[in-house]
Structures are given as C-alpha cells and as structure tokens.
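Report on the following structure.
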Amino acid sequence: MVSAVLAEPLQPAEREQVRSRVAASGTSFYWAMRLLPRERREAMYAVYAFCREVDDIADDAPPAERAPGLEAWRREITALYHGGEPRHLVGRALAGPIARYGLRRDDFLAVIDGMAMDSARDIRAPSLAELDLYCDRVASAVGRLSVRIFGAYVPAADLVAHHLGRALQLTNILRDLAEDGARGRLYLPQELLERHGIAGGDPATALADPGLPLVCHDLAEVARGHFAAAAAAMRRCPRRAMRPARIMGAVYRAILDRLVAAGWRDLAERGSLSKGAKLRLVLRHALW
C-alpha cells in the first residue's frame, strides 16, 4: 500500500537542500546517482538523505535521544503509507517516490531497525548470522529501495540488492575498522575472530592483535563472493536500469581490492580512490 495522499511537491530550494545533504556526505554513490534521469535522481537523493538522517541519530545523537529519534522516523514512514502528512523535509521528499516507484514500507523500517541495532548497544564481535542481519537491514534494504527507483522490477533485482548491499557493507566494515573501534564498535564476526585466536570482543584488543589481517582477509573473501553473486544477478536484469548498481559495485570492489593489497597493516589506510579513479570507473560502467 502506497501513500494515499502525496505531500506538496518540494520547492526548488527544498530540493536543493536534499541534494546538498547527499553531496555533503561525501558518498561514493553520488556520481552514480547523478547519471539517473531527474525524477529518479531526486528519488535517490531522498532515500539517501533518509539514510543519513537515521544514521546520524544512531551514531551522533546523545544516547537518551536515539531510541525516540528513530521511533519518530518509524512514525513518519508509517504515516506516509497511511495517508498521513509527513512533517520532515526528507519525509516530504520521499512521498512522491514511494507512490511513483512502489517503494515498500518494510524496507524503510528495516533500515531503521538496523540503526536501532547500532544505537541500542555498541555492536562487538557479532555472530555471522547477526552480522548478516545487520547488513541486510542497513544496506540490502537500501538496495531493494534503490533497484525500484532504477527501474528494475524483475525478481533478480532483489538478488542484486541482497548481494551487493552485503558486499558494500562488508567493505565499509573492513575500511572503517579504526573509526568504528574509536566508537567502541567491532563488526568483525566472532567466528572469524576465534578462528584466528582472537578472544573476546574488545575493539582495541582485537585491532591490535597480529591475527587481525587474517580475519580481515577471510571477511574480504565473503564480500568478494557477494560481489560475484551480485554481478551474476545483474546480468538477469535490464542493463540500463542496472547502470548505477554496476558503478557502485565497481567503485567498492576497487576499494576492497586496495584494502586487501594493503593487508590491514595500517588501519589508517582506507583504500580511498582518487576523484580521477572514480571518474574512470563511472565512465567505464556508464558506457557499458
């Protein structure tokens, strides 16, 4: 069921606010979004701005404000699907895309549930099953929203979202070890830590352990498997609709390759790509 009553269309200045929210985040996805036609591009900006809003609550709001802040977004999303009037600028920006592209409420709520996993407690050495659930909520759910905006409604599109979302999130985890550790979080799975003799879930201890690169290499192989499965699923989807997903996958696969080559010897090394390298990947996959 989609929104029964659309919010008033955003004014140009409001649309620019949403776009600026996305651009300021420095996301590698920005240039892939820019390739979309205007309506689809602005829909992606709205979805990504929503993700930034709830992520900022989980990461940066005072602990006592996190659960109420996420609950307010649950109410905002639920209102959009029951004819309510959205209150937040980003909620208003989502109203049109929800109706136009058939975006599913459960996917928005899954993103919020993923952020709640972060905000309720610091995640430390989750099981592989818990990590997979977390990746599904914070990344693959976003993928399921995105492929509909891209114009891919075939069953294989949800497979792309499933695998590419996990591949991107695992790459983020492997890139952001030091940053997450400073927040008291450790997303490396318990089973892989124990495999290489790292006991407990203390971030500082795990990140200083000489077995850490072996854990990271194992998790990188899991990510590579998801990249491969996503690429196979893309071949069963409309080629043009998958262009943004191909670009996102290519950029993040290049980051993962750089991380693997660096070997996690220096956790400050984030596998970052230059603007020129990103542009070359965008051009290569935009023309394919």
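The table below lists the values:
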{"item": "Complete set of residues in region 111-137 that are touching a residue at least 60 places away in the same chain (Cβ under 8 Å) and touching a Gly at 6+ places or on another chain (Cβ under 6 Å)", "result": "122, 124, 125"}
{"item": "Filtered residues of region 138-173 (kept if farther than 20 Å from residue 225 by Cβ and among the charged types (D, E, K, R))", "result": "148"}
{"item": "Residue 32 being part of a helix (DSSP H, G or I) and either modelled with pLDDT under 85 or in contact with a strand residue (DSSP E or B) (Cβ under 8 Å, 6 or more places away or on another chain) (or both)", "result": "yes"}
{"item": "Residue in region 265-273 that is modelled with pLDDT of 95 or more and within 30 Å of residue 206 (Cβ to Cβ) present", "result": "no"}
{"item": "Residue in region 88-107 that is of a type in the set (A, V, I, L, M, F, W, C), surrounded by fewer than 15 Cβ atoms within 10 Å (Cβ to Cβ) and either part of a helix (DSSP H, G or I) or modelled with pLDDT under 95 (or both) present", "result": "no"}
{"item": "Test: residue in region 159-172 that is in contact (Cβ under 8 Å) with a residue 60 or more places away in the chain, of a type in the set (D, E, K, R) and not assigned by TED's automatic domain parsing to the domain that holds residue 39", "result": "yes"}
{"item": "Residue list for region 47-74, restricted to those being under 15 Å from residue 111 (Cβ atoms) and free of Cβ contacts under 8 Å to residues at least 12 places away in the same chain", "result": "56, 71, 72"}
{"item": "Out of 80, 35, sole residue that is out of contact with any Asp or Glu (no Cβ under 6 Å at 6 or more places or on another chain), of a type outside the set (D, E, K, R) and within 18 Å of residue 152 (Cα to Cα)", "result": "35"}
{"item": "All positions within region 255-266 that are more than 17 Å from the chain's Cα centre (by Cα) and in contact (Cβ under 8 Å) with a residue 24 or more places away in the chain", "result": "259, 260, 263, 264, 265"}
{"item": "Matching option when the condition is touching a residue at least 24 places away in the same chain (Cβ under 8 Å) and either farther than 21 Å from residue 58 by Cα or surrounded by fewer than 20 Cβ atoms within 10 Å (Cβ to Cβ) (or both), among 243, 175", "result": "243"}
{"item": "Hits in region 184-227 (condition: part of a helix (DSSP H, G or I), among the aliphatic types (A, V, I, L, M) and in contact (Cβ under 8 Å) with a residue 24 or more places away in the chain)", "result": "192, 193, 206, 207, 212, 215, 219, 220, 222, 223"}
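The values are calculated or read from the model by the stated rules, or taken from the named source; none is laboratory data. Since this is a predicted model, take the numbers as computed values, not measurements. Glycine also receives a Cβ, built like all others from the backbone with ideal geometry; neighbour counts cover every protein chain displayed.
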